[in-house]
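Shown next, in C-alpha cells, is the structure this report addresses.
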Amino acid sequence: MGVTGPPGPVMDRDEVDRALARLGAEHEAIETSLLALQDHAGRRLLEGADLTGVTKERWTSADASITLLWAYFDAYTDALRSAREIRSRRRWSSREDLVELTELLRGEAVTVAGSATATANAPTLQGGSSKLSEQFSLVTLVERMNELYATSLDMVVAADAVWSALPARIDLLAAELQRTRRLAHSVGVRPGEHPAGDDLERITRTLTSLRERVISDPLAFWQRAQGSSAPGGGKPDTTAYDREARALEDVRREIDAVLTVRQDAEARLVRLRDVLSRADRTLAEARTARGEVLAKIAATEVPVVSGPPTVLQEQLATAAEYRRHAQWHRLSPLLESLEQKAEDELLRARESLTAVTQPLAVRAELRGRLDAYKAKVARHGLAEDPFLIERYDAARRMLWSAPCDLRVAEQAVLRYQHAAAELLGAPRVPQSGPEDRRGESSS
C-alpha cells in the first residue's frame, strides 16, 4: 500500500500535502482494521483458551504478530504526527522543512522499538529480527503491517469459524445421542448385550473426545480452500462429525426395528405358530398318504416323509420367552430368522405331500380317462360292444384293485382307448408297444 513512492528529489509543497492526505486516509483504514481484529470474537476466545496442537503453535505466532502490529502502527502514527507538525509550522514550508518532510515520508526514518521475543515469534520477521529497534520507510512499514495483519486475521477467522460451526453441531448430536440412549435402554439395547448398545457407547466416547479436541485445537479441523489466499479462505472439516452422525443414524434405525418388534411381536408369534402348525399337519397328511400309497399302489418308489424339526419349536419357545421378558433386541433377529425358516418348512411339507401322493394322482387320472372314454363310447351307441366291455372291465379291475400296478393298469387303459378309437373311426391312440387287435383278443 505504498503511497509516497521511493526516495527521490525533494518533494514540493503540493506533493507533501497530497502524500499527507493519502497517509491520513490509510492511517484511518489501518486503525479500523486493527480495532476490528482486536475486538474479533475469535481473537478473544483464542486469548483465553487452553490451546493445544497446531492452534497453540499458530496462536503464539499470531499473538506476537498482533503485538508487533500495534508497535508498527504506533510508529506509523508518530511518523504521521511528526510530518503534520512540520508541515503546520508555516503556510509555505521552507526548503529545510521540505527536505525534512521528504526524508520522513520517503526515507527510512521510522524507528520501531520492540521486544526481541515479539519480533522473533512474528512469522514475517523470523531470522534476523533480534534487534531492539529497526528502521523502516513508511512504504516498508505498511507492507509489514499488511503481511502481519493478513496472517493474524487468517488464523483468527479460521479458529472462529470452526468454533462457530462444530461445537454447536456436536452438542446437538450429543443431545440426540442421549435421547437415543434412553430409548435404547427402554427396549433392552444395552452395552455388552446388543451391538447397537456398544455402538452408542463408542459414539459417546468419540463425541466427547471430538468436542475437547475442537475446543482446544480448532485449526486441526480447518480445511483451507485450494488456491485461496484470502484470510479465512476455507471451511471447517466435519469429516469426523459426519462419520459419527451416520453411525448414530444407523443405531437409530436398529432401535426402530426393535421397537417395531415390540409392537407386533405377539401377532408375529401367532403367525409363526400357525405356519409351523400347518407344516406339521401337512407332514402328518403326507405320512398317512404314504401308508395309503404303499397299500394301494404296487411296484412304486414312495419317498420317506420326515418328521417336523424340533429345533424350530425350540426356537419358537425361546422367542416367546424373550417376549415375556421384554428382550426385544434378542427377539428381533430371532423372529426374522424363524419366519423365513417356518415358510421354508411349510414349503418342504407341501412338496413332500405332493411327492408322496403322486402315484394316487396318476391312478386317479387313469380312472378319469377310462370313464371318459366309456362315456364317449356310450354316446355313440357302442356301450354294449362285447370287445369294448371286455377291455373296459380288464382296465377297471386293475385300477380298482389293491395293490394297483400303475404300469400294467396304464397299458390296459391304453388298450381300451385304442379299441374304442378303432370302432369310432378315430386315429389310433399311441401306446407303449405294437400289438394287433387279434393278439389282444387272444390275450
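Being open to solvent by 60 Å² or more (accessible area, probe 1.4 Å) and either assigned to a loop (DSSP other than H, G, I, E, B) or of a type in the set (Val, Ile, Thr) (or both) is the requirement here; does residue 351 meet it?
no
When you scan the range 220-233, do you find a residue that is of a type in the set (Gly, Ala, Ser), on the phi > 0 side of the Ramachandran plot and in contact with a Gly (Cβ under 9 Å, 6 or more places away or on another chain), even just one? Write out each step before concluding.
The first filter runs over the range 220-233 and keeps only residues of a type in the set (Gly, Ala, Ser), leaving 220, 225, 227-230, 232-233.
Right, trim to on the phi > 0 side of the Ramachandran plot and you get 227, 232.
Okay, now just the ones that are also in contact with a Gly (Cβ under 9 Å, 6 or more places away or on another chain), so 227.
Checked the range 220-233: at least one residue is of a type in the set (Gly, Ala, Ser), on the phi > 0 side of the Ramachandran plot and in contact with a Gly (Cβ under 9 Å, 6 or more places away or on another chain).
Where residues in the range 324-333 are in a helix (DSSP H, G or I) and open to solvent by 30 Å² or more (accessible area, probe 1.4 Å), which of them is modelled with the highest pLDDT?
First, the residues of the range 324-333 that are in a helix (DSSP H, G or I): 324, 328-333.
Within this subset, residues satisfying the condition of being open to solvent by 30 Å² or more (accessible area, probe 1.4 Å) are 324, 330, 333.
Details: 324: 81, 330: 80, 333: 85.
It comes out as 333.
Here is a list: 275, 251. Which entry is farther than 25 Å from residue 355 by Cα, in a helix (DSSP H, G or I), out of contact with any Pro (no Cβ under 8 Å at 6 or more places or on another chain) and open to solvent by less than 20 Å² (accessible area, probe 1.4 Å)?
Matching residue, one of 275, 251: 251.
Based on what the data block shows, is residue 180 at pLDDT 90 or above and open to solvent by 70 Å² or more (accessible area, probe 1.4 Å)?
No; evaluated as a whole, the condition is false for this residue.
Tell me, which residue of the range 194-219 that is more than 17 Å from residue 245 (Cβ to Cβ), in a helix (DSSP H, G or I) and in contact with a Leu (Cβ under 8 Å, 6 or more places away or on another chain) is most open to solvent (accessible area, probe 1.4 Å)? So that I can check it myself, show each step before the final result.
The first filter runs over the range 194-219 and keeps only residues more than 17 Å from residue 245 (Cβ to Cβ), leaving 194-195, 197-198, 212, 215-219.
Adding the requirement that they be in a helix (DSSP H, G or I) leaves 195, 197-198, 212, 215-216, 218-219.
Those left that are additionally in contact with a Leu (Cβ under 8 Å, 6 or more places away or on another chain): 216, 218.
Details: 216: 23, 218: 0 Å².
Taking the candidates together, the pick is 216.
Looking at (1) outside any helix (DSSP H, G or I); (2) in contact (Cβ under 8 Å) with a residue 40 or more places away in the chain, which is the one condition that is false for residue 191?
Tallying (1) outside any helix (DSSP H, G or I); (2) in contact (Cβ under 8 Å) with a residue 40 or more places away in the chain, residue 191 fails exactly one: (2).
Based on this model, can you work out whether residue 342 counts as open to solvent by less than 50 Å² (accessible area, probe 1.4 Å), under 26 Å from residue 303 (Cβ atoms), in contact (Cβ under 8 Å) with a residue 40 or more places away in the chain and not hydroxyl-bearing (Ser, Thr, Tyr)?
It is true that residue 342 is open to solvent by less than 50 Å² (accessible area, probe 1.4 Å), under 26 Å from residue 303 (Cβ atoms), in contact (Cβ under 8 Å) with a residue 40 or more places away in the chain and not hydroxyl-bearing (Ser, Thr, Tyr).
Does residue 312 meet the test of being more than 33 Å from the chain's Cα centre (by Cα) and either assigned to a helix (DSSP H, G or I) or touching a residue at least 40 places away in the same chain (Cβ under 8 Å) (or both)?
On the way: more than 33 Å from the chain's Cα centre (by Cα): yes; either assigned to a helix (DSSP H, G or I) or touching a residue at least 40 places away in the same chain (Cβ under 8 Å) (or both): yes.
It is true that residue 312 is more than 33 Å from the chain's Cα centre (by Cα) and either assigned to a helix (DSSP H, G or I) or touching a residue at least 40 places away in the same chain (Cβ under 8 Å) (or both).
Take the residues in the range 231-287 that are in contact with a helix residue (DSSP H, G or I) (Cβ under 8 Å, 6 or more places away or on another chain) and acidic (Asp, Glu); name whichever of them is nearest to residue 150 (Cα to Cα).
Only one residue fits best here, namely 237.
Here is a yes/no grid of residues against (1) surrounded by fewer than 17 Cβ atoms within 10 Å (Cβ to Cβ); (2) under 53 Å from the mean Cα position of the chain (by Cα); (3) modelled with pLDDT of 85 or more; (4) closer than 19 Å to residue 146 by Cα:
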{"residue": "43", "(1), (2), (3), (4)": "no, yes, yes, yes"}
{"residue": "55", "(1), (2), (3), (4)": "no, yes, yes, no"}
{"residue": "65", "(1), (2), (3), (4)": "no, yes, yes, yes"}
{"residue": "93", "(1), (2), (3), (4)": "no, no, no, no"}
{"residue": "112", "(1), (2), (3), (4)": "no, no, no, yes"}
{"residue": "123", "(1), (2), (3), (4)": "yes, yes, no, yes"}
{"residue": "128", "(1), (2), (3), (4)": "yes, no, no, no"}
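The values are calculated or read from the model by the stated rules, or taken from the named source; none is laboratory data. Keep in mind that what you see is a predicted model, and the values were worked out from it rather than measured. In this analysis, Cβ positions are derived from the backbone assuming ideal geometry, glycine residues included, and neighbour counts consider all displayed protein chains. These accessible areas exclude ligands, DNA and RNA; they are computed on the full protein's heavy atoms, side chains included. Shrake-Rupley method; radii C 1.70, N 1.55, O 1.52, S 1.80 Å.
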